[in-house]
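Reviewing the structure listed below.
The values are calculated or read from the model by the stated rules, or taken from the named source; none is laboratory data. Predicted model only: the values in this text are computed from it and were never measured. A quick note on method: Cβ atoms are made from the backbone with ideal geometry, for glycine too, and the neighbour counts reach across all protein chains shown. Accessible surface areas use protein heavy atoms only, side chains included; no ligands, DNA or RNA. Shrake-Rupley method; radii C 1.70, N 1.55, O 1.52, S 1.80 Å.
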Amino acid sequence: MDARVKVAVIGGGVAGCSVAYHLGRLGCPDVAVLEADELTSGSTWHAAGLCTQYHSSLQLMKLLRTSVELYDGGLAADTGADVGYHRCGSLRLASTPARVDELHARRAMAESVGIPFEVV
């Protein structure tokens, strides 16, 4: 490893690559990603495109929204590389009244952070 590296990120999955990207954006130029194999060749590739914004935590819902915005154009604008991201929706089915109530609560959370969410 180069002696100039100040930060070593272990693991080149989506989390490790994201940490390195954001450190670089914050002005940390000496970041290295250490990966035993190919970048994103572990469990990350199994979930390629699975970018849900549905979560029971408001903070994680905000984080997921930010991630989708980054994939949807911010990353290409920053790097010049199109990541080929294609937005699609998701569908969740409620089979009990309690689950319907939960979906309405999630809809309210989603609306508060600007995520489109419909209960049909």
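Quick check on packing: order 23-34, 83-94 by the mean number of other C-beta atoms within 10 Å, highest mean leading.
Going by the mean number of other Cβ atoms within 10 Å, highest first, we get 23-34, 83-94.
If R0 is 30 Å, what FRET efficiency do you get for residue 101 and residue 60 from their C-beta distance, rounded to 0.05?
E(calc), rounded to 0.05, equals 0.90.
Helix 14-25 sits at what angle to the longest principal axis of the chain, using alpha carbons and giving 0 to 90 degrees rounded to 10?
It works out to around 70 degrees.
So which GluC sites (Glu not before Pro) in segment 33-120 are both in a DSSP loop and have at most 14 other Cβ atoms within 10 Å of their Cβ?
Answer in residue order: 38, 118.
Mind jotting down the distance between the C-alpha centroids of segment 86-120 and segment 1-37, whole Å?
35 Å
If you work out Cα extents along the principal axes in Å from the coordinates, which of (i) 57, 34, 31; (ii) 57, 34, 22; (iii) 59, 26, 25 do you get?
Only one listed value fits the structure, namely (iii).
For segment 20-41, list residues with backbone N below 13 Å from a point placed 7 Å from the Cα of residue 5 toward its Cβ?
Answer for this model: 20, 30-37.
Determine the share of the chain's accessible area contributed by carbon and sulfur atoms, expressed in whole percent, with a 1.4 angstrom probe.
For the chain, the apolar C and S fraction of the accessible surface comes to 58 percent.
For the chain, what does the accessible surface come to per residue with a 1.4 Å probe? Please give it in Å².
I get 70 Å² per residue for the chain.
Give me, ordered by chain and number, the residues 5 or more places off residue 9 or on other chains with an amide H under 5 Å from its own placed amide H.
Correct list: 32, 33, 34.
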